[in-house]
Amino acid sequence: MVARDTNGKRTVPQIFINDQHIGGSDDLYELQRRGELDVLLNQTPTLTIR
């Protein structure tokens, strides 16, 4: 059985790039397919203080 959150996504793993929630592996592959993943990975990271 696969755990899912309220949006129907698998809860583990969830991927973040520069503090931006990407989603799961399916979402990551979709970004790559659309040519958007490299853009996110090449952005200058921002400093987040929590």
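The values are calculated or read from the model by the stated rules, or taken from the named source; none is laboratory data. Just so it is clear, the structure is predicted and the values come from calculations on it, not from any experiment. Virtual Cβ from ideal backbone geometry, glycine too; neighbours counted across all protein chains shown.
Annotations
- Selection of the range 5-44 for residues being surrounded by fewer than 10 Cβ atoms within 10 Å (Cβ to Cβ), modelled with pLDDT under 90 and either aromatic (Phe, Trp, Tyr) or over 14 Å from the mean Cα position of the chain (by Cα) (or both) yields THR6, ASN7, GLY8, THR44.
- For the condition at pLDDT below 65, surrounded by 10 or more Cβ atoms within 10 Å (Cβ to Cβ) and among the basic types (Lys, Arg), ARG50 does not qualify.
- Pair list, Cβ under 7 Å, 6 or more apart: the range 16-27 residue under 13 Å from THR46 (Cα atoms), other residue in a loop (DSSP other than H, G, I, E, B) and not acidic (Asp, Glu): ASN18/GLN43; ASN18/PRO45; ASN18/THR46; ASP19/THR46; ASP19/THR48
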